[in-house]
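*Asks:* Sending over a structure as structure tokens; questions will come in a sec.
The values are calculated or read from the model by the stated rules, or taken from the named source; none is laboratory data. Note that the structure is a prediction, hence the values are computed from the model and not measured. FYI the Cβ positions are ideal-geometry reconstructions off the backbone, even for glycines, and counts take in every protein chain you see.
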Amino acid sequence: MKIEKSTASVTVTELENFSLEKIFDCGQCFRFDKTGEDSFEGIAFGRLLRCSQPCGSTVIFETTPEDFDSLWYHYFALDTDYEAINSSLPSDGAMSEAAKRASGIRILNQDGWETLCSFIISQNNNIPRIKKNIRALCESYGEPVYAAGSDRTVCAGYSFPDAGTIARKSSEQELSALKFGFRSKYIMSAARAVASGEISLDSIKGMSSDDACSLLCSLNGVGIKVASCALLFGFEKYDMFPIDVWMKKVLERHYPEMYSAICSPRGGARVNSSEYVRNYFGKYAGIAQQYLFYNERYIVG
């Protein structure tokens with residue numbers, strides 16, 4: 001991997017195991033949209049980013065070198081050796097096929113609160129509606145975001161509001177008016193718990209994955225699937241293995257013993273499933289999950 005920096009952009013070449021298309025289309029992030037054949041635009045950490053991948057091994061980030069070093073390099077997991085991770089995964093037929101077809105997916109290192117709140121919103125929801133809900137939340141309570149180097153007259157979007165802002169400025173009634181439905185009370189409950197310090201998100205990275213999952217599941221409306229997604233995508237808990245209807249199909253078809261052991265009759269996963277999954281898929285079980293999920297949803301259908 002080579003990195004070339006200029007005043008307003010950073011170009012990364014000779015990049016392997018990296019696909020913007022797959023990264024933004026695998027259900028882990030809801031604030032980036034496709035703007036062209038190979039280009040995307042979105043907001044994270046209160047910054048607007050435009051990026052493109054004109055060829056498989058080259059990615060252009062429209063950002064300052066300072067923001068690339070402090071934010072985007074880690075956000076896009078450019079500091080992570082995916083070749084080594086892929087080599088560590090099980091070599092059974094289903095896993096090998098999925099890893100090959102999903103090559104290029106990387107787990108983004110997103111903001112913890114944004115990820116938790118986003119996956120609370122994702123419950124019984126579809127991606128277009130999730131994006132619409134999140135956009136409404138940001139427009140109502142976030143701060144304006146401008147393109148780097150602009151004259152700050154044209155707002156490009158809004159930052160994701162922190163827990164304290166939502167707790168102070170919003171209410172279940174206001175969120176219901178924004179079409180969040182039953183999720184309104186869960187968002188407010190989580191925002192108040194985090195803002196008050198009842199739930200310390202800063203402590204999660206130092207906790208075991210199972211303890212962190214139990215902590216998040218203590219929040220009203222947060223079950224093991226939402227907690228697992230939040231921990232995998234927002235807290236660098238790469239051994240978490242979220243199970244939804246797609247993953248249930250994968251386990252039932254390819255890993256029947258695991259399916260019988262960890263899947264509840266109503267779907268999803270039992271609370272004690274993480275160790276069972278970890279014993280087979282290893283410490284990067286969450287990355288294995290993303291490959292299997294992508295292969296099942298977008299390839300097999």
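*Asks:* Can you find, within the range 208-249, the residue that is surrounded by the most Cβ atoms within 10 Å (Cβ to Cβ) among those that are among the small types (Gly, Ala, Ser) and within 19 Å of Cys29 (Cβ to Cβ)?
*Replies:* Ala230
*Asks:* Out of the residues in the range 184-207 that are surrounded by fewer than 18 Cβ atoms within 10 Å (Cβ to Cβ) and among the hydrophobic types (A, V, I, L, M, F, W, C), which is nearest to Lys237 (Cα to Cα)?
*Replies:* Per the criteria, the residue is Met207.
*Asks:* Restricting the range 14-38 to residues that are in a helix (DSSP H, G or I), touching a strand residue (DSSP E or B) at 6+ places or on another chain (Cβ under 8 Å) and not acidic (Asp, Glu), which is farthest from Glu296 (Cα to Cα)?
*Replies:* Once the filter is applied, the top-ranked residue is Leu20.
Each row is one residue, and each column tells you yes or no for (1) surrounded by fewer than 19 Cβ atoms within 10 Å (Cβ to Cβ); (2) among the aliphatic types (A, V, I, L, M); (3) in the same structural domain as Leu15 (by TED's automatic domain parsing); (4) farther than 19 Å from Leu232 by Cβ.
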residue	(1), (2), (3), (4)
Asp92	yes, no, no, yes
Ala102	no, yes, no, no
Leu116	no, yes, no, no
Asn126	yes, no, no, yes
Cys138	no, no, no, yes
Ala147	yes, yes, no, yes
Arg152	yes, no, no, yes
Pro161	no, no, no, yes
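*Asks:* For Asn109, state whether it is without any contact (Cβ under 8 Å) to a residue 60 or more places away in the chain and polar (S, T, N, Q).
*Replies:* No, not satisfied.
*Asks:* Next up: Of the residues that make up the range 119-140, is at least one among the acidic types (Asp, Glu), more than 15 Å from Ala190 (Cβ to Cβ) and in contact with a Ser or Thr (Cβ under 6 Å, 6 or more places away or on another chain)?
*Replies:* Within the range 119-140 (the criterion being among the acidic types (Asp, Glu), more than 15 Å from Ala190 (Cβ to Cβ) and in contact with a Ser or Thr (Cβ under 6 Å, 6 or more places away or on another chain)), the answer is no, since none of the residues qualifies.
*Asks:* Taking the range 246-301 as the region of interest, how many residues are at pLDDT below 85, basic (Lys, Arg) and not in a loop (DSSP other than H, G, I, E, B)?
*Replies:* The qualifying residues number 1.
*Asks:* Quick one: which helices (runs of 4 or more DSSP H) sit completely within the range 52-169 and have at least 2 residues that are touching an Asp or Glu at 6+ places or on another chain (Cβ under 9 Å) and more than 27 Å from Val222 (Cβ to Cβ)?
*Replies:* So the answer is 82-88.
*Asks:* Could you grab me the full set of residues in the range 203-213 that are touching a residue at least 24 places away in the same chain (Cβ under 8 Å) and out of contact with any Leu (no Cβ under 9 Å at 6 or more places or on another chain)?
*Replies:* Matches in the range 203-213: Lys205, Asp210.
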